[in-house]
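Asker: Let me begin by handing over the structure; questions about it come next.
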Amino acid sequence: MMTERVKRLRQESLDAVPRVSTERAELLTAFWRSAPDAAAPVRRAMAFRFLLENKAIHIGPGELIVGERGPAPKATPTYPELCCHSLEDLDILNSRPKIPFAVSAEARELYREEVIPFWRGRSMRDMIFASMSEEWLAAYEAGIFTEFMEQRAPGHTVLGDKIYRQGFLDIRRDAETGLAALDFAADPDAGAKKAELEAMCIAAEAIIAYARRHAGKARELAAAETNPVRHSELAEIARVCERVPAHAPETFWEALQAYWFVHLGVITELNTWDSFNPGRLDQHLFPYYRQGLADGTLTPEKARELLQCFWIKFNNQPAPPKVGVTAAESGTYTDFANINTGGMRADGSDGVNEVTYLILDVIDAMRLLQPSSNIQVSKKNPDAFVKRACRIIRQGWGQPSVFNADEVVMELLRQGKALEDARCGGTSGCVETGAFGKESYILTGYLNLVKLLELALHDGVDPRTGRQLGPRTGDPAAWTSMDDVLRAFRGQLQHFIDVKIQGNGVIERLYAAHMPAPFLSLVIDDCVARGRDYNDGGARYDTSYIQGVGLGSLTDCLSGIRQHVFERRTLTLPELVEAMDADFANREPLRQTLLNHTPRYGNDDDAADALMVQAFRAFFEAVDGRPNTRGGTYRINMLPTTCHVYFGSVTGAMPDGRRAWQPLSEGISPVQGADRRGPTAVIRSAGKLDHVLTGGTLLNMKFTPQVLEGDRGIANLTHLIRAYFRLDGHHVQFNVVKAETLRAAQRDPEKHRDLIVRVAGYSDYFCDLSPALQDEIIARTEHAAL
Amino acid sequence: MPTAPTVTGTIFSIMRFAVNDGPGIRTTVFLKGCPLDCWWCHNPESQAYGPELQIWPDRCIGCGACIKVCPQRSGVETNPVPHTSPPGCTVCGLCAAACPAKAREVIGWRAGVEDVMGEVARDTVFYDESGGGATFSGGEPLAQPELLLALLKACRARGIDTCVDTCGHAPRETLLETAAYTDLFLYDLKLMDPERHVHYTGASNRLVLDNLAALSAVHPGVTVRIPVIPGVNDADENIRGAGEFIAGLKGLRDVTLLPYHGTGAAKYARLGRPCRMEGLEPPPPARLEEIARLLEGYGLRVQIGG
């Protein structure tokens, strides 16, 4: 259900071509060339204000919710202070077949003349790589881990309910109160707090002024508008932008617009690269919705249209262009804003309300990649809510994904969060758990678990390069049991976690020193109260994550070794390693034996699943509880984005029968095609992992459309979800598509441009995926009905 | 009657996430062997009582491991690797164990009650959530009455809902004995004409019809399932006969039409047996609707598809 206006805006959004806009880079460079001398947070706040004072204001025809990150939809800014693209980068962006960005000759010229000469050597990316140890660089290049902050800023957080309670005038007043209360005699940090709080005041003023520039633009357009309907809409836009986010919103429209300005502020200040989103949108909007219906200022139809306009704004903002390893680990335009619905309220009661269903209708009608959407399913939520979502899932484009709200609360409580903060939390990005509005939960990089076993089987040498990368954990010829294998694996794991965490420590300090985010700090508790920046431990909770990739592959590798080397004793470990190093050349029977005669994860096989649990626990124990430099703690989660393809491409053949350079398993899903006992067996296997120890796990399942036909199909899907969540599963998402449809799309992409599939924590256009990723999705087991 | 734990029988498959064999999400246990020999049987591997060898030529990598271990081929080099059983094959299973690619599989294994229940109990969380349970199918589950009864009792003891999928061709006492431990019967009714029944299934329908009458008199949970086989039993006359018969039995109301599908054809090839329904097309949806309307005319509640 869409109005004509929404249909048109949606189509314009779909048709817009992603392109690089140099507006931000140009303004930022101009600012920094003559930046006044001041403390880092203050200068950054001034830069933010300069951007918002000078960037173009875009109000498109018919728009109700206004504001763009760039000068127009999908005109995507760059962040040279983080990653200064080279001319070669720009040429690649302009010409690469997947996820391209158009780069005009003028843009290229501006980069050559202005941007590159100023930022080369000064960008965070340059500083980071210059500061990393030899060991870190070698591991990074070998594909043992990736680094999220090498071209994007730490930003993984989600907004809570603060902006609906307080306008930025109120928040600025809080910062001023903090300034007035500083005790320079008693508090050694008072100087740093002063700079930070002053910066916050500047940033608060900047966002208010930016909104009012939109008000001005709307009045200007209204003056020239001859259509009386549009004239009154523009007048209302002007009124709304004058009021919010200076003041707390009072209407449904104001609430959406207030959020949108905050969103633009956050993603303009820095490229926080993923996840920033309104969190529990249904709960935030419900009071405005009910009030609007009660006083006659809102109808369900108007609320739907406003929400749809809001949805389109997200779709207008592709993730800023990525290059290098970051492009490989996250090859998508999606910026991972992932809106939560359902779940529970702060008091633990059922969180589903009328706006929940309205939002599900909007997701259904809009069918957009962005924003991503999920349902938070609590045992307290009615089945009607889950079934409504399942009817959207059944259409096959991967949204919404499904989370276990009760288990998410357990995760947050285990991490030490207060009960109310936990209940107001949820998930974001792909599957990441966080306390909304109160936590900085930074993903720091993916870890190639399978590569670590490969190193262990080669005594620390990377067989791809012949280089001694890891510690010498022993010659496999001398190993006599699985304990020896796991000991060597743990040795490699511990070493590279140490390398990664040491590198992270340096990077965290670089961001704290050079990239304060005073605007983001205004909206995440307790940055204002502490007078401390988001990037320097200002948030109430501060978590660093390392994301494990390839758990299913790793499990099957271990199982293959145990079964054939130590139990059946049909070959020795050196023989197995030799066959791997030859990519199983002339050893196809061995490869087939490994594939077909090994207990494998995903089949509810207790022997294989016990190895999964051992491997998972080894990773957990190596990371969980270690301190980060912001006063927070390291945790693990299990998600891959597209990194399982990249990691596979640097990992040779392995004892699970996987050939060299092929993708690894993704999330906590079984190896593609290894699960042969149906969806309940997969769910039972995945349920043996202790999800509560993580900050999110990702399970993909693929069904043929026929399984989900009719009311019975919806009931089956609902029951699978509920059963997985009774086992404390964290998340599950679904593809509902036949492999033959996907193959047809590979053959004839032009006819399948609109085919959307679930990748890993997000949906994407199938034809925009790399061929390796396309093949990987096709290879996933397709569950049919019996 | 031996005590339950010592009972064993031959099983050929345990399928989880069975969603068309009774209510909710179920696990279907397939008991091997059937007294009938229906032409359209889509589980030909279920018909014989003993184990059989099934061959998947498309999986074969030609390594010859099967030949090396085969007692009937005495290691004689054969090139290319044959995709058949050797003459005199005893289904010893050595080739299947040796085949790296699982191109050879032995269909059917001896299993005890605890073996089966260990598998069945795994999906309890799904049964609880969906109102599902265990379904016993075949072959003909009533053809292994001791095992079936022991399994049904074991399910009862664990609070697992039970469903029996039967062709009805079994001794009356056996059927009625299982009825005490069965929540729902899925009872096949194929052909009303006795001679055609003999022709197409190898046995008379007398026992099937009488058993249905006896069962429905004592058991409230019976759903009649009619496989719709074009040219065999889809004519109005047969449908009317079935409708009349079912409607005449007190307590019977639910009928499910199971349209013929050709997915069993490939299985015949893998077992090295001819398929007597080669090339038969599934009944058109419009005809299924007509059949459903006809049966509804007898006051029956009809569902198309399991």
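Asker: I need the per residue convex hull volume for chain A, using only the alpha carbons, in cubic angstrom as a whole number.
Answerer: Convex hull of Cα atoms, per residue: 156 Å³.
Asker: Tally the DSSP beta bridges in chain A and give the antiparallel ones as a percent, rounded to 5. Please list the in-between numbers first.
Answerer: Working: 13 of 48 bridges.
Antiparallel bridges: around 25 percent, rounded to the nearest 5.
Asker: What area, in nm² and to one decimal, does the C-alpha convex hull of the range A:60-199 cast on average over all directions? Walk me through the intermediate numbers first.
Answerer: Details: hull surface 58.4 nm².
Averaging across all directions leaves 14.6 nm² for the Cα convex hull.
Asker: Given a Förster distance of 56 angstrom, what is the FRET efficiency for A:Asp690 paired with B:Cys89, based on the Cβ-Cβ distance and rounded to 0.05? Walk me through the numbers on the way to the answer.
Answerer: Details: r = 48 Å, r/R0 = 0.85.
With R0 = 56 Å, the Cβ-Cβ based efficiency is 0.70.
Asker: A further question follows. Looking at chain A, which longest stretch skips every one of the chymotrypsin sites (Phe, Trp or Tyr not before Pro) that is in a DSSP loop with at most 16 other Cβ atoms within 10 Å, leaving the sites themselves out?
Answerer: Values: sites that count: A:Phe184, A:Trp661.
With chymotrypsin sites (Phe, Trp or Tyr not before Pro) excluded where exposed in loops, chain A gives A:185-660 as its longest stretch.
Asker: Now a separate question. Starting from the Cα of A:Lys451, draw a straight line to each of the lysines and keep only those under 21 Å, dropping any in the same chain fewer than 8 residues away.
Answerer: Reachable lysines: A:Lys500.
Asker: Nearest 10 degrees, 0 to 90: what angle lies between the long axis of helix A:405-414 and the longest principal axis of chain A (Cα atoms)?
Answerer: Helix A:405-414 and the main axis of chain A meet at about 80 degrees.
Asker: Where in the range B:4-36 is the amide nitrogen less than 19 Å from a point lying 7 Å along the Cα-to-Cβ axis of B:Glu173?
Answerer: Within reach of a label on B:Glu173, which here means backbone N under 19 Å from a point 7 Å along Cα→Cβ, the range B:4-36 contributes B:4.
Asker: Mind listing P(r) for the range A:569-666? All alpha-carbon pairs, 5 Å bins, whole percents.
Answerer: Calculated over all Cα pairs of the range A:569-666, the distribution is 3, 11, 14, 17, 21, 16, 8, 5, 3, 2, 0 percent.
Asker: Could you give the size of the charge dipole of the range A:625-748 about its Cα centre, using +1 on the Cβ of each K and R and -1 on the Cβ of each D and E, expressed in debye and rounded to the nearest 20? Kindly include the intermediate steps, with their values, before the conclusion.
Answerer: Values: 16 positive and 9 negative charges, 45 e Å.
That gives a dipole near 220 debye.
Asker: I need the fraction of alpha carbon pairs in the range B:159-297 separated by more than 18 Å, rounded to a whole percent.
Answerer: Values: 5612 of 9591 pairs.
So the pairs more than 18 Å apart make up 59 percent of the total in the range B:159-297.
Asker: Counting Lys and Arg as +1 and Asp and Glu as -1, each charge on the Cβ, what is the dipole of the range A:606-646 about the Cα centre in debye, to the nearest 20? Walk me through the intermediate numbers first.
Answerer: Numbers: 4 positive and 4 negative charges, 64 e Å.
So the magnitude is around 300 debye.
Asker: Given DSSP loops and a limit of at most 15 other Cβ atoms within 10 Å, what is the longest stretch of chain B that contains no such GluC sites (Glu not before Pro)? Intermediate values should be presented prior to the final figure.
Answerer: On the way: sites that count: B:Glu77, B:Glu278.
Of all site-free stretches, the longest is B:78-277.
Asker: Is there a quick way to get the dipole size of chain B? I mean about its Cα centre, with the Cβ of Lys and Arg at +1 and of Asp and Glu at -1; what is the value in debye to the nearest 20? Write down the numbers at each step before the final one.
Answerer: Details: 28 positive and 34 negative charges, 131 e Å.
Computed charge dipole of chain B: roughly 640 debye.
Asker: Then there's this: For the range A:1-109, what is the relative contact order in percent, using Cα pairs closer than 8 Å and at least 6 residues apart in sequence?
Answerer: Working: 104 pairs, mean separation 38.1, N = 109.
Reported as a whole number, the value is 35 percent.
Asker: Something else now. How big is the shadow of the Cα convex hull of the range A:153-240, averaged over all directions, in nm²? All intermediate terms of the calculation are to be shown ahead of the outcome.
Answerer: Values: hull surface 33.6 nm².
About 8.4 nm², averaged over all directions.
Asker: Provide the net charge surrounding A:His783, with neighbours chosen by a C-beta distance below 12 Å and charges set as Lys +1, Arg +1, Asp -1, Glu -1. It would help to have the intermediate numbers written out before the result.
Answerer: Values: positive: A:Arg676, A:Arg677, A:Lys702, A:Lys738, A:Arg780, B:Arg16; negative: A:Asp675, A:Glu782.
Spelling it out: positives minus negatives among the neighbours equals +4.
Asker: Still on this model: Would you list the membrane-span-like helices of chain B, meaning whole DSSP H runs whose alpha-carbon atoms span at least 18 Å along their axis and whose mean Kyte-Doolittle value is at least 0.5? Please report the intermediate quantities before stating the final value.
Answerer: Numbers: long enough: B:145-158 (20 Å, 0.64); B:206-218 (19 Å, 1.28).
Qualifying helices, which must be both long enough and hydrophobic enough, are B:145-158, B:206-218.
Asker: May I pose another question? Test of understanding: extend the Cα→C-beta vector of A:Glu354 to 7 Å, then name every residue of the range A:264-299 with backbone N under 19 Å from that spot.
Answerer: A:281-299
Asker: Give me the distance in nm between label points sitting 7 Å out from Cα along the Cα-to-Cβ direction at B:Ala121 and A:Asn54, one decimal.
Answerer: 7.3 nm
Asker: Can you find, among B:Asn20, B:Pro71, B:Pro57, the residue sitting farthest towards the positive end of the charge dipole of the range B:16-73, where Lys and Arg contribute +1 and Asp and Glu -1 at Cβ?
Answerer: B:Pro71
Asker: While we're on this one: Would you calculate the separation in nanometres between label points at A:Arg509 and A:Glu740, each defined as 7 Å from the Cα along the Cα-to-beta-carbon direction?
Answerer: Modelled inter-label distance: 6.1 nm.
Asker: If I take every Cα pair under 8 Å that is 6 or more residues apart in the range A:429-527, average their sequence separation and divide by the length, what percent do I get for the relative contact order?
Answerer: Details: 70 pairs, mean separation 27.0, N = 99.
Relative contact order of the range A:429-527: 27 percent.
Asker: For the pair B:Arg273 and A:Glu109, how long in nm is the line joining their label points, each one 7 Å along Cα→Cβ?
Answerer: 8.0 nm
Asker: At a threshold of 8 angstrom on Cα-Cα distance, excluding pairs fewer than six apart, so keeping six or more, what relative contact order does chain A reach in percent?
Answerer: Details: 1643 pairs, mean separation 110.4, N = 786.
Contact order relative to length: 14 percent.
Asker: Name the shape class, rounded, prolate or oblate, that the alpha-carbon gyration tensor gives for the range A:467-555, where a ≥ b ≥ c are the square roots of its eigenvalues, rounded holds for a/c under 1.5, and otherwise prolate holds if a/b is larger than b/c and oblate otherwise. Can you show the working numbers first?
Answerer: On the way: a/c = 4.32, a/b = 2.84, b/c = 1.52.
Verdict is prolate for the range A:467-555.
Asker: Say R0 is 41 Å: what FRET efficiency, to the nearest 0.05, do A:Asp475 and A:Gln395 get from their beta-carbon distance? Walk me through the numbers on the way to the answer.
Answerer: Numbers: r = 54 Å, r/R0 = 1.32.
According to the calculation, E is roughly 0.15.
Asker: Helix A:606-623 against the longest principal axis of chain A: what's the angle in degrees, Cα atoms only, rounded to the nearest 10?
Answerer: Rounded to the nearest ten degrees, it is 50.
Asker: Report the calculated FRET efficiency for B:Ala247 and A:Met1 (r = Cβ-Cβ distance, R0 = 60 Å), to the nearest 0.05. Kindly include the intermediate steps, with their values, before the conclusion.
Answerer: Numbers: r = 45 Å, r/R0 = 0.75.
The computed FRET efficiency comes out at 0.85.
Asker: What are the ³J(HN,Hα) couplings of the range A:637-642, residue after residue, when phi is run through the Karplus curve with 6.51, -1.76, 1.60 and θ = phi - 60°? Round to Hz, x for glycine and proline.
Answerer: Taking θ as phi minus 60°, the curve returns 9, 10, 8, x, 6, 10 Hz for the range A:637-642.
Asker: Taking 0.36 nm per residue of separation and subtracting the Cα-Cα distance, what length does fully extending B:Ala180 through B:Gln72 add? Write down the numbers at each step before the final one.
Answerer: Values: separation 108, 0.36 × 108 = 38.88 nm, distance 4.70 nm.
Result for the pair: 34.2 nm of gain on full extension.
Asker: Over chain B, consider all pairs of different Cα atoms and compute the Kirkwood hydrodynamic radius from their mean reciprocal separation; express it in Å, one decimal.
Answerer: So the Kirkwood estimate lands at 20.6 Å.
Asker: Can you give the angle from 0 to 90° between the axis of helix A:281-294 and the longest principal axis of chain A, with both taken from C-alpha atoms, to the nearest 10?
Answerer: Taking Cα atoms only, the helix is inclined about 40 degrees.
Throughout, read-outs are computed from the coordinates displayed, never taken from laboratory work. What you are looking at is a predicted structure, and each value in this text was computed from that prediction instead of being measured. Here the Cβ is made from the backbone with ideal geometry for all residues, glycine too, and neighbour counts use every protein chain on show.
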